[in-house]
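The values are calculated or read from the model by the stated rules, or taken from the named source; none is laboratory data. On a predicted model such as this, the values are computed, not experimentally measured, just so you know. In this analysis, Cβ positions are derived from the backbone assuming ideal geometry, glycine residues included, and neighbour counts consider all displayed protein chains. The area values use the complete protein model at the heavy-atom level, side chains included, leaving out ligands, DNA and RNA. Shrake-Rupley method; radii C 1.70, N 1.55, O 1.52, S 1.80 Å.
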Amino acid sequence: MVGKSPVPLGKFVLVLLRPRTPTGHPAKGVVGDRSLVVADVFRDGHDSVAARLVLTGPGDDEPTYSPMTALGNDRFEGHVEPATCGMHTLAIEAWTDRFGTWRHHLEARAAAHDPDVEVELEVGARLLEALAPGAPSTLRPRLAEVITTLRSVTCTLATKLAIALDDALAAALAPVVDLHDLTASAPVGLRVDPAWAKAPAWYELFPRSEGGFVGTGKRLAAVAEMGFDVLYLPPIHPIGTTHRKGRGNTLVAGPDDPGSPWGIGSDEGGHTAIHAELGTAAEFRTLVADAREQGIEVALDYALQCSPDHPWVREHPEWFHHRPDGSIRYAENPPKKYQDIFPIDFWPADDADRVALWEACRDVLEHWIGEGVRVFRVDNPHTKPFVFWEWVIAEVQSRHPDVCFLSEAFTRPKVMHALAALGFTWSYTYFTWRDEAAELREYGDELATVPDVDYFRPSFWTNTQDILAGPLRDGPPAAFALRAVLAATVSPNWGIYSGFELCENQTQSDANTEYLHSEKYEVKARDWDAPDSLVPLIAALNAARRSHPALAEMATLRFHHSTDDVNLLVYSKTAPDGTDPVLVIVNLDPLLMRDGQLRLDLGALGLGGGGAYEAHDTLTGETFTWHGPDPYVRFDPAEGRVAHVLALRPVGA
């Protein structure tokens, strides 16, 4: 005797392949975007199978159903298009396609002149009677006619077979769900972010170098004209004086040295306070509102660390690491030392202290969300517990589903990916250190593969306040131009730290990536109207990104080849449906002219018909007419040309 099963019995095996994360955390989507879903769906026996997708959003009274298409070999695919932000659930429902199975068998019997065909027609009539209640009301009269014909004693067999095997009837019945053995998979999460989160362009700016919030507000028009979506501000809080760093990261600050904004906290307040020299809370709110009116979100730095003068140090010493002599340990990342910063101990001995600490950290986010902030750049999240981020991001997004987080974790790949899986919206990447063609291709291929593309949104930064790397170090303007093109077109998400457009290239030393005269330790004055600025190039790149949906994709990245010269990097993107092909060619040598013939996969670009095609350069406005897969290209940095960003189309299209 078979005992009671501990799990529901079902005929189907449902294996979700996309979207997914290796850890089982929710994959990612954005509002209004068609997210591809791929699954293996099969059952015992030889009967045909049908499937659909079930998407349920926050607050939905009823789920949204989407059809899945059989691709062969038991693989199905479909799309969901979420309409709201927040956590959704996604499931697959499968059932035996009794009509499709019957139709296939009938066709085979008729071809073999099986004498049981008439009996099979009665089977079909009864099946249609069972399906009719679930069919749309507009289809039911048609089904009634078919049933009558199948049972007719006057119609010929040929007539009955023609109506039974009519393709239009099969197409009309395809969406009808046969409830007799409907089986659902376990639901999985799908985190849906605002539409703009798919492909934002970031600009980092120190407010104190612009005269505070009011001066920063005057820069908004320039940031908007360059086409940036996010204005990221380093910490805006009071800065401690104990062990304050001086210019150039010296250990002793002079009387006029402002200190590092990451040395957070003083007698004036901590993480919810504003440095008095930057302005007032009202001026900050005005900045956020004015930015949003220009299509820009203001992102705040969320750095969970404290200066020795932070109120938490006095009020909650149990939240910090203590050395045997009772003193609090400052932060280190050898060989770097941060004497002006105390790291937080996220695991105090008393669990009540841990709860209080974690809630205080959450409340910092809630405070700034209340001030209008919806984006946070998180400093060094890999040095805090994963479980804390999993908890705090879910807590915040359950209340504010449009809030997004950028992970600044330049660390080991598995750690970076784990942080992305547990909830971070975007992630910093190794792009800053990828200079050669081979390593760029390898890294691009890695980021464009499943499952990475379903949850890891790579953010390519040319530089940061901490990092001046690769060809930018003492590099010419061409180095800055080619890195901008790569960052803006390989990844859907990119960013620059202010001064990049002016080609600031002086390094502190050969031993590190720090800037000479680092803005972290001093106020920096810049001439934004300086000649030879890269502002026109940056604006053209962001305009191309907004005009071409292909550049918002990661999964469609494909590398092509050039003849012999390894300094020419060639790659393309398309929209998910294969339209909007964009071809990018970059000369990775900022000093020398490079040229050669390309070897393009025209089929991957939707141009496999063999005719002539136009290549319109979105950076210069030029249009070239090319024939075949091997056009010639030439780039001379001395002439100001380092790359093509080409929109392709057949001649006359």
Per-residue ellipticity at 222 nm for the chain, helices alone: DSSP H runs ≥ 4 residues times -39500 (n - 2.57), over residue total, nearest 500 deg cm²/dmol? -8000 deg cm²/dmol
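Can you tell me, using C-alpha contacts under 8 Å and at least 6 residues apart, the relative contact order of segment 92-230 as a whole percent?
Working: 91 pairs, mean separation 40.8, N = 139.
Computed value for segment 92-230: 29 percent relative contact order.
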Among [x] 30.1, 106; [y] 24.8, 81; [z] 32.8, 103, the entry that matches Rg and Dmax of the Cα atoms in Å as calculated here: [x]
Sorting R374, R599 on solvent-accessible surface, 1.4 Å probe, most exposed first, gives R599, R374
Can you give the accessible area of L502, probe radius 1.4 Å, in Å² rounded to 10? 50
So for R399, R441, what's the accessible-area order with a 1.4 Å probe, most first? R399, R441
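Take every Cα pair under 8 Å in the chain that's 6+ residues apart, average their separations, divide by the length, and report that relative contact order as a whole percent. Intermediate results must be reported in sequence, preceding the final value.
Numbers: 1305 pairs, mean separation 67.8, N = 653.
After rounding, I find 10 percent.
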Roughly how many Å is it from the Cα centre of segment 84-136 to that of segment 325-368, as a whole number? 62
Angle in degrees between helix 413-422 and the longest Cα principal axis of the chain, rounded to the nearest 10: 70
The aspartates and glutamates whose Cα lies under 13 Å from the Cα of K160, excluding any fewer than 8 residues away in the same chain, are E107, E118, E120, E122, E145
Ignoring ligands and nucleic acids, H271 exposes an accessible area, probe 1.4 Å, in Å² to the nearest 10, of 10
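Once you have the alpha carbon radius of gyration of segment 222-316, what is it after dividing by 2.2 N^0.38 Å, with N set to its residue count? Intermediate results must be reported in sequence, preceding the final value.
Numbers: Rg = 15.2 Å, N = 95, 2.2 N^0.38 = 12.4 Å.
The value comes to 1.22.
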Give the relative contact order (percent, whole number) for segment 148-292; include only Cα pairs under 8 Å separated by 6+ residues. 20
Would you please give the residues with an amide H less than 5 Å from that of V192, counting only those at least 5 places away or on a separate chain, with H modeled from the backbone geometry? G29, G86, M87, H88
Roughly how many whole Å is it from the C-alpha centroid of segment 161-220 to that of segment 532-564? 23
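Using a 1.4 angstrom probe on heavy atoms only, work out the carbon and sulfur share of the accessible area of segment 467-561 in %. Before the final figure, lay out each step's value.
Numbers: 1760 of 3340 Å².
Roughly 53 percent of what the probe reaches on segment 467-561 is carbon or sulfur.
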Using only Cα atoms and rounding to the nearest 10 degrees, what angle (0 to 90) does helix 140-150 make with the longest principal axis of the chain? 40
For segment 115-125, 3J(HN,Hα) per residue [Karplus equation, 6.51 cos²θ - 1.76 cosθ + 1.60, θ = phi - 60°, Hz, x = Gly/Pro]: x, 8, 4, 4, 4, 5, 5, 5, 4, x, 4
Calculated over segment 16-103: convex hull of Cα atoms, volume per residue (Å³): 108
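Just the Kirkwood number for segment 453-527, please: inverse of mean 1/r across all distinct Cα pairs, in Å, one decimal. All intermediate terms of the calculation are to be shown ahead of the outcome.
Values: mean 1/r = 0.0762 Å⁻¹.
13.1 Å is the Kirkwood radius here.
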Sorted by accessible surface (1.4 Å probe, heavy atoms of the protein chains only), largest first, D589, D474, D529 come out as D529, D474, D589
Carbon and sulfur: what percent of segment 221-346's accessible surface (1.4 Å probe)? 50
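So what is the accessible area of segment 486-542 per residue, in Å², with the probe set to 1.4 Å? Let's see the in-between values first.
Details: 2100 Å² over 57 residues.
Roughly 37 Å² per residue, with all protein chains present.
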Applying a 10 Å radius around every beta-carbon, put 449-461, 61-73 in order of their mean neighbour count, most first. 449-461, 61-73
Specify the angular offset, from 0 to 90 degrees and rounded to the nearest 10, of the alpha carbon long axis of helix 386-399 from the longest principal axis of the alpha carbons in the chain. 70
How long are the semi-axes of the equivalent ellipsoid of segment 368-487, defined as square roots of 5 times the Cα gyration tensor eigenvalues? Whole Å, largest first. 28, 17, 12
Residue-ordered couplings for segment 454-465, obtained by feeding phi - 60° into the Karplus form 6.51 cos²θ - 1.76 cosθ + 1.60 and rounding to whole Hz (Gly and Pro as x), are 8, 8, 9, 9, x, 10, 8, 10, 5, 7, 9, 5
